[in-house]
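In what follows, a structure is listed as structure tokens, so that the remarks can point back to it.
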Amino acid sequence: MLNTRREKFKRLLYAKKQAMISDSARGFKNIISGENMHILSKNIDDDSMPFLCQHENLTFRRLTYQRDIIKRIDNALERLDQGTYGRCEECDGEIGEDRLNLIPFAAYCTECQEAAEFKKTVRRILN
Ligand SMILES: [Zn+2]
């Protein structure tokens with residue numbers, strides 16, 4: 001991979017990581033400080049209690065999702081250093097430029113990603 005191209009994706013990955021970190025820091029702070037509760041408690045009654053719990057739940061789920069993305073970004077940065085960035089971890093094929101521009105931390109090509117998602121869906125239906 002050309003150096004300029006490597007630098008481009010490195011920058012993209014770091015920017016994405018930074019955005020994820022500040023966003024999760026905000027979400028985390030809201031949970032810790034009870035800010036979410038405060039926002040919603042203005043019009044709180046028994047009916048809105050389930051909604052309140054759901055909102056906290058969503059914040060937690062987003063934090064889990066963001067932590068996962070940050071992990072994937074770190075993996076991608078490692079692959080950049082090792083020179084394996086842009087190759088699919090499953091089939092070793094090349095990950096398309098369009099896909100990398102859209103998802104710079106993608107570890108799989110579109111075909112392998114879709115196959116994995118299909119398998120996951122089948123497993124979920126069967127279980
Ligand atoms: Zn693949």
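No lab work stands behind these numbers, since they all come straight from the coordinates. Just so it is clear, the structure is predicted and the values come from calculations on it, not from any experiment. Counting neighbours? That spans all protein chains shown, and the Cβs are built from the backbone with ideal geometry, glycine included.
Looking only at the stretch 79-93, filter to residues that are near the ligand (Cβ under 9 Å from one of its atoms) and charged (D, E, K, R); which one of those is farthest from the chain's Cα centre (by Cα)? Going through the qualifying residues, I end up with Asp92. Can you confirm whether the stretch 99-119 contains a residue that is hydroxyl-bearing (Ser, Thr, Tyr), within 16 Å of the ligand (Cβ to nearest atom), without any contact (Cβ under 8 Å) to a residue 40 or more places away in the chain and not in a loop (DSSP other than H, G, I, E, B)? Yes, the conditions are met somewhere in the stretch 99-119.
Filtered by the rule that a residue be small (Gly, Ala, Ser) and either over 11 Å from Pro104 (Cβ atoms) or in contact (Cβ under 8 Å) with a residue 60 or more places away in the chain (or both), the stretch 1-36 gives Ala19, Ser22, Ser24, Ala25, Gly27, Ser33, Gly34.
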